[in-house]
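Written out below as structure tokens is the structure these notes cover.
The values are calculated or read from the model by the stated rules, or taken from the named source; none is laboratory data. Treat the numbers as computed from the prediction; the structure is a model and nothing was measured. Every residue, glycine as well, gets a Cβ built from its backbone with ideal geometry; the counts of neighbours run over all protein chains shown. Each accessible area value is taken on the protein alone, full model and side chains, heavy atoms only, with ligands, DNA and RNA left out. Shrake-Rupley method; radii C 1.70, N 1.55, O 1.52, S 1.80 Å.
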Amino acid sequence: MSSDNKGETVLITGAAGFLGSHLCDRFIAEGFRVIGMDNLITGDLKNIEHLFGLEQFTFCHHDVTTFVHVPGPVDYILHFASPASPIDYLKIPIQTLKVGSLGTHNLLGLAKEKKARILIASTSEVYGDPLVHPQKETYYGNVNTIGPRGVYDEAKRFQESITMAYHRFHGLDTRIVRIFNTYGPRMRLNDGRVIPAFMGQALRGEDITVFGDGSQTRSFCYVDDQVEGIYRLLMSDYTDPVNIGNPNEISILDFAKEIVRLTGSDQKIVFNPLPQDDPMQRQPDITVAREVLGWEPKVERAEGMEKTYAYFKGLTQEELYRSEHKDFSAHNRH
Ligand code: UDP
């Protein structure tokens, strides 16, 4: 890590969320001035409270779907504000659509005004339930626009389109990362995603709930690898979308068995109905990231899972309660 970026300012939206908070840590460590922005609907200040005493860090409580004003120069913008799990976007579908569309538009406008480079967080969900495997960036996807995931998938697809429009029409300096399933400390226990779900169940001594028959696959990337990929992409000259994820694919049933072994629990695995439009398989093709960024994941699943479980085990009772009970359903008024 170096500190030769002193004086440069980066605005990170979704700063109190899982990925946003890890990005704040990384950019602080690299010597940047960081402005963290969040409306705290799904995020939690606990994820960034260790930064509050630092002179290089400022927190701004703001909803990016309304006009975004930041005083002074901004050199980089990372747009990571969005709910990011199927359970969350079912609770706040309209906010999910707005942050990907209106929020992105506001941040692109800010980037243009400030002459900043902007990186937007896209997702493997743009590939929908993919008919091509593994997924290359050139695959156009198979998305149900009106299904429960459509609010996220289509917001992210629109986000990519408007970002490329600003790039082509206004010459804006843009980057697009397509993030595949990523895990690590600071995930919320009740966000519905499979890793916090299984780990929460292990902690509480409950059965492990596999959806469907568990034959669907995912490929899990540890957060430190993800952050490294994003950092390299931001600093590169590459303006087309880049997949960042771990190609090591596993079925959800095998993954549930791994969790039972890791947590040393004797939980039963039980089978619940498969949610609608749950993708059957997902694995990133990371050839572009390897060739353009010299990036590939380094953290094995066993090591990453151990670190993540240690984080959850280390939470105090109050923190556990907050992580398990965060409720934001009242935020979906418009
Ligand atoms: N899943 C599961 N049990 C759970 C939560 C999720 O079997 O308690 C499955 C889910 O159906 C999906 C996979 O795990 O096939 C990953 O789900 P997640 O919500 O983490 O992410 P996504 O589906 O967006 O990849």
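Listed values, structure above:
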read-out	value
Extreme residue, most open to solvent (accessible area, probe 1.4 Å), among residues of segment 197-213 that are more than 8 Å from the ligand (Cβ to nearest atom) and assigned to a helix (DSSP H, G or I)	Arg204
Residue that is farthest from Asp225 (Cα to Cα), among those in segment 150-182 that are more than 16 Å from the ligand (Cβ to nearest atom) and basic (Lys, Arg)	Arg168
Checking Arg218 against (1) within 16 Å of the ligand (Cβ to nearest atom); (2) under 23 Å from Phe27 (Cα atoms), the condition it does not meet	(2)
Any hit, segment 71-85, residues being open to solvent by 40 Å² or more (accessible area, probe 1.4 Å), more than 16 Å from the ligand (Cβ to nearest atom) and free of Cβ contacts under 8 Å to residues at least 60 places away in the same chain	yes
Selected residue (only one of Glu258, Glu249 is more than 10 Å from the ligand (Cβ to nearest atom), more than 28 Å from Val177 (Cα to Cα) and of a type in the set (Asp, Glu))	Glu258
Whichever residue in segment 116-129 is within 25 Å of Val227 (Cβ to Cβ) and out of contact with any Ser or Thr (no Cβ under 8 Å at 6 or more places or on another chain) and, among such residues, is farthest from the ligand (Cβ to nearest atom)	Ala116
Residue list for segment 191-220, restricted to those being among the basic types (Lys, Arg) and within 13 Å of Asp254 (Cα to Cα)	Arg218
Test: residue in segment 107-114 that is away from the ligand (no atom under 13 Å from the Cβ) and closer than 30 Å to Ser323 by Cβ	yes
Cβ pairs under 6 Å, 6+ apart, first in segment 38-49 and part of a helix (DSSP H, G or I), second of a type outside the set (D, E, K, R) and at pLDDT 95 or above	Leu45/Ala16; Asn47/Ala16; Asn47/Ser21
